[in-house]
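Okay, so here's the structure we're looking at.
The values are calculated or read from the model by the stated rules, or taken from the named source; none is laboratory data. Predicted model, so just to flag it, every value in this text is computed and none were measured. For neighbour counting, all protein chains shown are included, and Cβ atoms are generated from backbone atoms with ideal geometry for every residue, glycine included. What goes into the accessible areas is simple: the full protein's heavy atoms, side chains included, and nothing from ligands, DNA or RNA. Shrake-Rupley method; radii C 1.70, N 1.55, O 1.52, S 1.80 Å.
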Amino acid sequence: MEKTVKMLGMAVLGVVVLLMVAAAGFFYVAEVRADKSFVTEKQTPKSDPLSKQKQQWAKVPNKKDVSMKTDDGLKLKGQYIPATRKTNKTAIVIHGFSVDHREVIPYANLMHNQGYNVLLTDNRSAGASQGSFIGYGYLEAKDYMKWIKRLVADNPKSEIVVYGTSLGGATTMILSGMNPPKQVKAFIEDCGYTSVRDELVYEANSLYNIPKWLAQPIISIMSVYSKIIAGYSYGQADAVKAVQRNDRPMLFIHGAEDDFVPSYMLDQVYHAANGPKEKLLVPNADHMEAYRKDVVQYEQTVDGFLNRYVH
């Protein structure tokens, strides 16, 4: 009997060690700044529907380099672009996972065409900004809260819209639950996930065929690593809980064929939101393709939402 108990204990210990090793490997893949093999830039079609926006943005004058130190000492870099006509309205445009601000230039141009000043930065651990660990929306939301406070200090009459895609969409939702200054009037999130835990469980199965029952304990251990090493646990990067605390207007957008952040997450965050809300589900659109697949409907939806809630 004693031998059986000892063998059972050794087996349990072995499983725990294997889970910890697997979690360490996945933590590196998911959270440490590096090129991500599973994030591939799709080849831009010759007749890219968003080429007009990119060309317009290249010609926008008066782009001003800006920088900021985060609470944990990282230097973030970006650009501030004033509107063509003086205004109190400013859009903060937030990019996604394993890319930089260039990925969301069409969205920045859309807001500039709407008459907004634009703040366009590289997230921590991306582009020209410093950082070693991706915050999955939580650390980024804290950083953008600081950018917002700077905008408000410069102009207390600011009317701010926060607009993010993918991880930037999750950042937008998480920030909405942090009680940002009253000058933040509305939010737009495009293809953001419900929580980092949900997204990692989904990707573990999608990329590595790891079943949910096995992914869950691995990700729980990853969360502990994240808390110790990166300063946050995965429970803090929860968009569903965040939008439940928000009472300001939010527009939710998603591609119906998204296979990176599955489209069912749209309904989960939309139904959880307590403030005024609208949603747009674009047929035949994969991840980050909603704007490209239906430029007219996308722009009309954004324009209508902004006209209703930001004046």
Kindly check whether there is at least one residue in segment 75-83 that is modelled with pLDDT of 95 or more, open to solvent by 10 Å² or more (accessible area, probe 1.4 Å), outside any helix (DSSP H, G or I) and within 21 Å of residue 304 (Cβ to Cβ).
yes
Within segment 25-38, restricting to residues that are in contact with a helix residue (DSSP H, G or I) (Cβ under 7 Å, 6 or more places away or on another chain) and open to solvent by 40 Å² or more (accessible area, probe 1.4 Å), the one that is modelled with the highest pLDDT is 26
Residues of segment 192-219 being open to solvent by 50 Å² or more (accessible area, probe 1.4 Å) and in a helix (DSSP H, G or I), which ones?
197, 198, 202, 205, 206, 207, 208, 212, 213, 214, 216
The residue that is most open to solvent (accessible area, probe 1.4 Å), considering only those in segment 294-311 that are assigned to a helix (DSSP H, G or I) and without any contact (Cβ under 8 Å) to a residue 40 or more places away in the chain, is 300
Quick check on segment 180-187. Is at least one of its residues without any contact (Cβ under 8 Å) to a residue 24 or more places away in the chain, farther than 22 Å from residue 29 by Cβ, open to solvent by 10 Å² or more (accessible area, probe 1.4 Å) and not hydrophobic (A, V, I, L, M, F, W, C)?
yes
Of the conditions (1) open to solvent by 10 Å² or more (accessible area, probe 1.4 Å); (2) on the phi < 0 side of the Ramachandran plot; (3) not aromatic (Phe, Trp, Tyr), residue 141 clears all except one; give me its number.
(1)
It is to be established whether one or more residues within segment 131-138 are open to solvent by less than 10 Å² (accessible area, probe 1.4 Å) and not in a helix (DSSP H, G or I).
yes
Residue under evaluation residue 247, criteria (1) more than 30 Å from residue 301 (Cα to Cα); (2) open to solvent by 50 Å² or more (accessible area, probe 1.4 Å), criterion not met:
(1)
